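None of the figures in this text is laboratory data; all of them are computed from the coordinates on show. From a predicted model like this one, the values you see are computed outputs, not experimental measurements. Quick reminder, even Gly has a Cβ in these numbers, built from the backbone with ideal geometry, and neighbours come from all protein chains shown.
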Amino acid sequence: MTDIKANFEKIHNKIPNNVLLVAVSKTKPVELIMQAYNLGYRVFGENKVQELREKYEQMPKDIRWHMIGHLQSNKVKYIAPFVELIHAVDSFKLLKTINKEALKNNRTINFLFQLHVAKEESKFGMSCEEVEAIINTQEYKDLKNINPMGLMAMATNTPDKELVHNEFRQVKKCFEYLKEKYFKNKADFKELSMGMSQDFEIAIEEGSTMIRLGSTLFGAREYKN
Ligand SMILES: *Cc1c(COP(=O)(O)O)cnc(C)c1O
């Protein structure tokens with residue numbers, strides 16, 4: 001049995017007040033997530049659109065749902081009415097679709113640009129230059145229903161801590177560059193979503209403001225094939 005209370009308490013003591021814990025509940029059943037809800041947690045992250053949508057429908061409406069995984073443009077419409085933050089914007093096309101669906105729902109959708117810093121090619125994300133190129137287009141400036149809040153990234157899955165430090169540092173550097181050049185007066189462009197169960201302590205040292213933890217909170221995931 002997973003002791004949700006003990007897991008959350010243990011983590012709680014390791015994270016500073018200015019770092020938001022996104023509890024990654026993917027693959028976990030509603031009953032287990034409700035245990036975290038009943039402890040007072042309200043911010044949950046999912047990486048699959050259908051699962052996110054189903055849990056949103058079944059669970060209390062004061063939950064703040066974050067989409068943390070790779071998102072396909074044709075699925076944005078299913079989460080556009082309620083999602084609080086989309087972490088992994090990895091293309092201009094996706095961003096334009098998010099804007100369109102946000103407009104349809106008469107709201108503004110918060111998002112983070114996903115940077116690719118890891119060694120694995122299978123991970124998604126853009127370079128800092130690609131993000132900057134998007135920001136500089138008139139088409140981007142005309143998107144009125146999206147709100148950029150910062151950057152998200154995943155580090156390489158490796159025991160090499162120095163590499164992980166360097167990758168997170170790269171994200172922070174890009175953030176500071178963009179902040180200074182384009183978002184200086186935008187107070188809510190301040191988020192760095194970095195760090196998972198295995199590397200969140202390093203991420204916090206490198207300036208993370210949002211950590212996305214799954215297995216350390218809810219137990220290891222079992223994937224059905
Ligand atoms: C699954 C997932 C996490 C959480 O992973 P854990 O190792 O279980 O903490 C964080 N971020 C993203 C994008 C994920 O898909």
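Can you give the relative contact order of the chain as a percent, counting alpha carbon pairs under 8 Å and 6+ residues apart?
Details: 385 pairs, mean separation 45.8, N = 225.
With pairs under 8 Å counted, the relative contact order is 20 percent.
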Average projected area of the Cα convex hull of the chain, in nm²? 12.6 nm²
Any idea how far the Cα center of the stretch 120-141 sits from the one of the stretch 197-219, in Å? 24 Å
Among all the lysines, which ones have a C-alpha under 17 Å from LYS173's C-alpha, if same-chain residues fewer than 8 places away are not counted? LYS181, LYS184, LYS190
Which of these, ASN47, ASN17, ASN145, has the largest mean-square fluctuation under a Gaussian network model of the chain (Cα springs below 10 Å)? ASN17
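Is there a pair in LYS123/LYS144; LYS14/LYS55; LYS26/LYS141 whose C-alpha atoms are over 31 Å apart, and which pairs would that be?
Long pairs (Cα-Cα over 31 Å): LYS26/LYS141.
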One quarter of the convex hull surface, Cα atoms only: what value does that give for the stretch 1-44 in nm²? 3.2 nm²
I'd like to know which of GLY195, LEU115, ALA36 lies farthest towards the positive end of the charge dipole of the chain, counting +1 on Cβ of Lys and Arg and -1 on Cβ of Asp and Glu. ALA36
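Given only helices, namely DSSP H runs of n ≥ 4 each adding -39500 (n - 2.57), what is the per-residue ellipticity at 222 nm of the chain, to the nearest 500 deg cm²/dmol?
-11000 deg cm²/dmol
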Cα-based Rg and Dmax for the stretch 13-133, in Å, come out at 15.1, 44
